[in-house]
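The values are calculated or read from the model by the stated rules, or taken from the named source; none is laboratory data. These figures come from a predicted structure and were not determined experimentally. Cβ sites come from the backbone with ideal geometry, for glycine too, and all protein chains shown count toward neighbours.
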Amino acid sequence: MAWGSSSFVLLQRNQWDTLLKQARAARQQGALAQSLKLYEQSIAIYPQKGAAYSERATVLAWQALQDQQKLSQALLAQREATLHDPTNYASHLNEAALLLALGEDQQAEVILKADQSGWAVAPILRARLREKQGREAEAKREWQQALDLQPDLAESAACLHSLLCQSLPLPPSEYAEIVKVVNLLPERSSLDKVWRLATSWNSVDLWAEGAFLAERVGDSRQKQRFLQAAKDTSEMIGKVSTPRLALALLQEGMTKGDPKGLRALLQKWVAPTNSQLVPQISWLLLSKTEQKFAQTMVQAAFALEDQALQTKAQAYLREVETALQSEKRP
């Protein structure tokens, strides 16, 4: 009896795993309705597992960008996810963002006041709510807290759509140095400055910006030097690849006409936005660099004449642009 019971559970888990993979693949293709159906099936088969609950709520929230009637469904699904998926660190903030989208500001504020995540999303949502309420001094404090926690949010959609956020000084940080590099004149002497700066910060993004600057200067040798340093640094323990580096590598691959390298990059990077975050949050965090990267991925996929990669890249770009074009106010 015990053997039969364990065998049945194993069968359930295998079916759940298959359905979850299919749901994620459908979402990656941009087929939200099909993805939602598969998530529902996976939950029905194995309701003990939590990830499907969070990802189902995210798909519903994406659909709500096109159909406001689905916002309430997304909120209910998110509350289920909070109960069933303890691994989703963003559940409470997802709920707050959906409540704000529904105009339920007081309920959202209760959640946001209780937040102890130390993540910049909470002060961003509070700042946008304070701006909506006309409480500018409080909004400024919230924006400053968000920038202190994560300085590169200065180039996020959330900050770019807030005059208050744009008016604030950047704290001393790696990102503040990146901004200086972006504004440097395209001169060979500037490349030496950036090299020293990137070395002192051991920064993937500063190396990548150095490659962009070398491109503008017209120095291909220095560009390769910066790119190699960025790649080497990204492979170190505790370091990761970033959209800036990915964009630089993608542009380089297209310039060289390297189909093998391009295909490897696209297969690594073409993916939906974070499946644990509702778009009412994820669009706030998107930057112009990520938008340009998504656009470049589509160009690269078409250059490869790979229909499967084209479909995935276009779906990714649609997610990015749909989020950025959605309602910009809480």
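Could you say which residue among LEU65, LEU71, LEU75 is within 30 Å of LEU147 (Cα to Cα), touching a helix residue (DSSP H, G or I) at 6+ places or on another chain (Cβ under 7 Å), assigned to a helix (DSSP H, G or I) and in contact (Cβ under 8 Å) with a residue 40 or more places away in the chain?
LEU65
Kindly indicate which of LEU60, LEU98 is crowded, with 19+ Cβ neighbours inside 10 Å, within 21 Å of the chain's Cα centre (by Cα) and over 19 Å from ILE43 (Cα atoms).
The match here is LEU98.
Given region 261-330, what helices (runs of 4 or more DSSP H) lie entirely inside it while holding 2 or more residues that are charged (D, E, K, R), at pLDDT 85 or above and surrounded by fewer than 23 Cβ atoms within 10 Å (Cβ to Cβ)?
Here the list reads 288-304.
Considering only region 56-73, how many residues are closer than 19 Å to HIS84 by Cβ and charged (D, E, K, R)?
Going through region 56-73 one residue at a time, the tally reaches 1.
When you go through (1) touching a residue at least 24 places away in the same chain (Cβ under 8 Å); (2) out of contact with any strand residue (DSSP E or B) (no Cβ under 9 Å at 6 or more places or on another chain); (3) of a type outside the set (A, V, I, L, M) one by one for GLU155, which number turns out not to apply?
(2)
Looking only at region 20-46, which residues are outside any helix (DSSP H, G or I) and in contact (Cβ under 8 Å) with a residue 24 or more places away in the chain?
First pass over region 20-46, keeping only residues outside any helix (DSSP H, G or I): 29-31, 46.
Of everything in region 20-46, those that are outside any helix (DSSP H, G or I) and in contact (Cβ under 8 Å) with a residue 24 or more places away in the chain turn out to be GLN29, GLY30, TYR46.
Can you find, within region 72-87, the residue that is modelled with the highest pLDDT among those that are surrounded by fewer than 20 Cβ atoms within 10 Å (Cβ to Cβ) and hydrophobic (A, V, I, L, M, F, W, C)?
LEU76
Output the number of the condition that GLN144 fails; it satisfies all remaining conditions of (1) touching a residue at least 24 places away in the same chain (Cβ under 8 Å); (2) outside any helix (DSSP H, G or I).
Failed condition: (2).
Would you mind finding the one in ALA214, ALA122, ALA146, ALA137 that is over 25 Å from the mean Cα position of the chain (by Cα), crowded, with 22+ Cβ neighbours inside 10 Å and at pLDDT 95 or above?
Among ALA214, ALA122, ALA146, ALA137, only ALA214 is over 25 Å from the mean Cα position of the chain (by Cα), crowded, with 22+ Cβ neighbours inside 10 Å and at pLDDT 95 or above.
Right, TYR53: free of Cβ contacts under 8 Å to residues at least 60 places away in the same chain and in contact with a Lys or Arg (Cβ under 8 Å, 6 or more places away or on another chain) or not?
Judged against the criteria, TYR53 is not a match.
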